[in-house]
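This report concerns only the one structure given below.
The values are calculated or read from the model by the stated rules, or taken from the named source; none is laboratory data. Since this is a predicted model, take the numbers as computed values, not measurements. When we count neighbours, we look across all protein chains shown, and the Cβ atoms used for this are built from the backbone with ideal geometry, even at glycine. Keep in mind that these areas ignore ligands, DNA and RNA; they rest on the heavy atoms of the full protein, side chains included. Shrake-Rupley method; radii C 1.70, N 1.55, O 1.52, S 1.80 Å.
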Amino acid sequence: MAADEIHVSSKAIAELDISYFFTKNIAAELVLTYPQEHNVSVAGTKIGTVRELPPTLLLQYHFMPDAKFRPYVGAGINDTRFSSIDLNVPGVGDLEVDKDSFGLALQVGMDVQLSKQWFFNVDLKKVKMGTDVKLAGGGKVSSIDIDPWLFGVGIGYRF
């Protein structure tokens, strides 16, 4: 890691996934969570916090929709909103970040049928999230790349 590279803390959080099936094989999934605050550091020294809200929309293909084990893949977009920015580097001053980030999201997962309408779900997502860091009222000095791997486990109900 470079001495001036910005690091953002990791978190474990709850999410809500809402899927709509257009056909037996094709679905759209909206991934929602609550705003998350991250500690931001440079070379191991905390320089502040930033809050982000990362809704993600995925288009999925379900390979075996009538089987007990139902694998699927998904791809889509993430629209992260950054807020509550409190970043300051001693000797440099206050920092700002771009408020929006659009990025690619990829997913692989599997539903396991438990009963006619209930199922167990496990999935793995890679989401591209990041923003430019700027001096207050000035130019870009660095960037924040969060780019998380999201591992999900849950219970679902089909209507």
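Remarks
- Looking across the stretch 64-83, the residues that are modelled with pLDDT under 95 and open to solvent by 70 Å² or more (accessible area, probe 1.4 Å) come down to Asp66, Arg81.
- Residues in the stretch 65-113 that are within 22 Å of Lys24 (Cα to Cα) and in a loop (DSSP other than H, G, I, E, B): Pro65, Asp66, Ala67, Lys68.
- Residues satisfying the stated conditions in the stretch 10-53, i.e. assigned to a strand (DSSP E or B), of a type in the set (Val, Ile, Thr) and closer than 22 Å to Leu104 by Cα: Ile18, Ile26, Val31, Val50
- Evaluating His7 against the criteria (1) open to solvent by 70 Å² or more (accessible area, probe 1.4 Å); (2) modelled with pLDDT of 95 or more; (3) assigned to a strand (DSSP E or B) leaves one unmet condition, (2).
- Test: Leu58 is among the aliphatic types (A, V, I, L, M) and in contact (Cβ under 8 Å) with a residue 24 or more places away in the chain: yes
- The set of residues in the stretch 116-159 that are open to solvent by 70 Å² or more (accessible area, probe 1.4 Å) and closer than 14 Å to Val50 by Cβ contains only Asp145.
- Residues of the stretch 10-57 satisfying the condition of being within 17 Å of the chain's Cα centre (by Cα), more than 17 Å from Ile144 (Cα to Cα), of a type in the set (Ser, Thr, Tyr) and open to solvent by 70 Å² or more (accessible area, probe 1.4 Å): Tyr34
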